[in-house]
Structure formats: structure tokens, C-alpha cells
1. Just one of G39, G17, G8, G23 is assigned by TED's automatic domain parsing to the domain that holds L171 and at pLDDT 90 or above; which is it?
2. When you check A183 against the structure, is it modelled with pLDDT of 65 or more, under 23 Å from T64 (Cα atoms) and either β-branched (V, I, T) or assigned by TED's automatic domain parsing to the domain that holds V11 (or both), yes or no?
3. Residues in the stretch 47-65: is at least one touching a residue at least 12 places away in the same chain (Cβ under 8 Å), within 24 Å of W93 (Cα to Cα) and outside any helix (DSSP H, G or I)?
4. With the requirement that a residue be of a type in the set (A, V, I, L, M, F, W, C) and surrounded by 15 or more Cβ atoms within 10 Å (Cβ to Cβ), what does the stretch 88-98 give you?
5. Can you pull out the residues in the stretch 66-100 that are closer than 15 Å to P44 by Cα and touching a residue at least 60 places away in the same chain (Cβ under 8 Å)?
6. Could you run through the stretch 209-260 and say how many residues are among the aromatic types (F, W, Y) and modelled with pLDDT of 85 or more?
7. Take the conditions touching a residue at least 24 places away in the same chain (Cβ under 8 Å) and among the basic types (K, R) and apply them to R232. Does it pass?
Amino acid sequence: MGGELGEGLVVARVCLGCGRMVGGADAMLEAYRFGVSEGPHRWPWMPAYHREAVHVYGGSLPWTYQRDIAKLFGDCLSAMAQWLIPSELAEDWAIVTAYMREAAGSIEDWLASVGPRLDRSEVAGSAEPATDTPSPFDDIAPTASSGTRGASGEPAANAPRVVHWDALAGLTTQDGTRRLKNACVAVIGHLDVETPRSLETSERLVLQRLVSGAAIATVASEMGYSERQMYRELSRLWDKLGVSGRAAGVHKATVEGLID
């Protein structure tokens, strides 16, 4: 990698973007396990999938959150375009960058199309007009029954950040979702991250159990933690390893020999 683009913050941001994708893929794979049927788009990094997926995001996520995701993916793409990668990672790299490019582009197009219809409460720094001049938002002012959604039907900026993973899973396939996840994990594993500090015995034990496939609830019970405490401990462990979550942490522990 080299140069400023190899600095830890940039690499960590790319890991964060890939980690978001791993988390989403895991949620979609869970939806399939609960009986969600596969959809028409075999590969979730292709344009046809994202043309439909963006409407799922639009119906469930605040527009500000979508804007931030598009920016995150855009930043990742800018960095990844300048990094040299080994030939064996080329296909995984292409899948990850294709997903980020299509996701960011579809979100930006969606925001551009619905922007004029956004609820006035979503516009940063907006204020009531000082005169009697009609506001362009007057015809979509929220009503008492609109809850966290503007009258336009789009989610307000403070709406709950809940993604309908079952709906997204219904647009693509299990094989495609799993391939996307594996590509993200491979990219995360390749990135030059700071060598982690020495792991404590308890941290190694947690990693060993997770690598073996144990559920987090099971590990929590074995370690004497509540599930909430276990998640806090895991969050600290992922930060220590410089990864974004369980999948990346397990992969790093395995390929770098961090556990016995």
C-alpha cells in the first residue's frame, strides 16, 4: 500500500466499510435460515440488485444515515483504487468495490430524486420562514400521525435505524450473499492493520470459542458474563485487533495465529 493511504485511519475506514457489508450479509443469511425466499438477482453487487435495494433502504433508514453510508463507501473506493493487491485477491477486491460503487451510486441517485420532498425537520439548520412567503416544504408538513416519517412517506432524519434485511434477502440469493461476505472478509484480512497488542488469556479463550463456532450467548455463560457484558468485551477486543466485528476478528485470529 504505502504512502499516506496506508495510514491506519484510512485502512480502518475501509475495514469499517467492509465490516458493514459483512454484518448486512450475516443478517440476510439469517433471514434465509428463517425461510425468506431467494430473489431474482443472483449477485448482490450488480446494478440490478441495487436499483431495487435502494428502495428498501429508503423505506426504513433516515436519509442522513444513507448519505453517511454513501460517503463511507465513496471514501473506501478512493483509497482502494490506489492500493496494489496480490493477484489472488483480485476477484474478492472487484466484488467489494463493485458493491460499494453500486450502493453509493444508487443511494446518491435516490437522495437526489427525493431531496425536494424531504420533511423540513430533516434539513440541517432549517428554520421557519421569517415572512409569510410560502415554504417549499409547506405542502408536506408533518402531521401528528406521521410519527417518525414525513408526510412524503420518506423516513425522517431521526427515524429508527432499522433495515429490512428480509426484504433485501428476498432480492438476491444465498450463494451471492455468502460470496459477498467471503470477499469482504478476505479484503479485511489482507489490509495492513497495526499489529495488535498482546492478547490476554481470557481474550484468547474467547477467540478460540468463537473460531470453534460457539454462540456468543454460550461464550458469555462460560466466561461468567451477561450477554450485554459479553458484547462490550467483544467490542473492546475488536478495537484491539483493529477489526470491525466477529467475522473479521475470527478471520484475523485464524490467519495470523493469534490463538493456539
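1. G39
2. No.
3. Checked the stretch 47-65: no residue is touching a residue at least 12 places away in the same chain (Cβ under 8 Å), within 24 Å of W93 (Cα to Cα) and outside any helix (DSSP H, G or I).
4. Listed by number, the residues that qualify are L89, W93, I95, V96, A98.
5. Listed by number, the residues that qualify are E91, D92, W93, I95, V96, Y99, M100.
6. The total comes to 2.
7. In short, no.
Residue by residue, here is whether (1) outside the structural domain of M100 (by TED's automatic domain parsing); (2) in contact with a Cys (Cβ under 6 Å, 6 or more places away or on another chain); (3) buried (at least 17 other Cβ atoms within 10 Å of the Cβ); (4) of a type outside the set (G, A, S) holds:
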residue: P47; (1), (2), (3), (4): no, no, no, yes
residue: Q66; (1), (2), (3), (4): no, no, yes, yes
residue: K71; (1), (2), (3), (4): no, no, no, yes
residue: D75; (1), (2), (3), (4): no, no, yes, yes
residue: S78; (1), (2), (3), (4): no, no, no, no
residue: Q82; (1), (2), (3), (4): no, no, no, yes
residue: P86; (1), (2), (3), (4): no, no, no, yes
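The values are calculated or read from the model by the stated rules, or taken from the named source; none is laboratory data. No experiment lies behind these values; they were computed from the predicted model shown. So basically every Cβ, Gly included, is an ideal-geometry build from the backbone, and we count neighbours across all protein chains shown.
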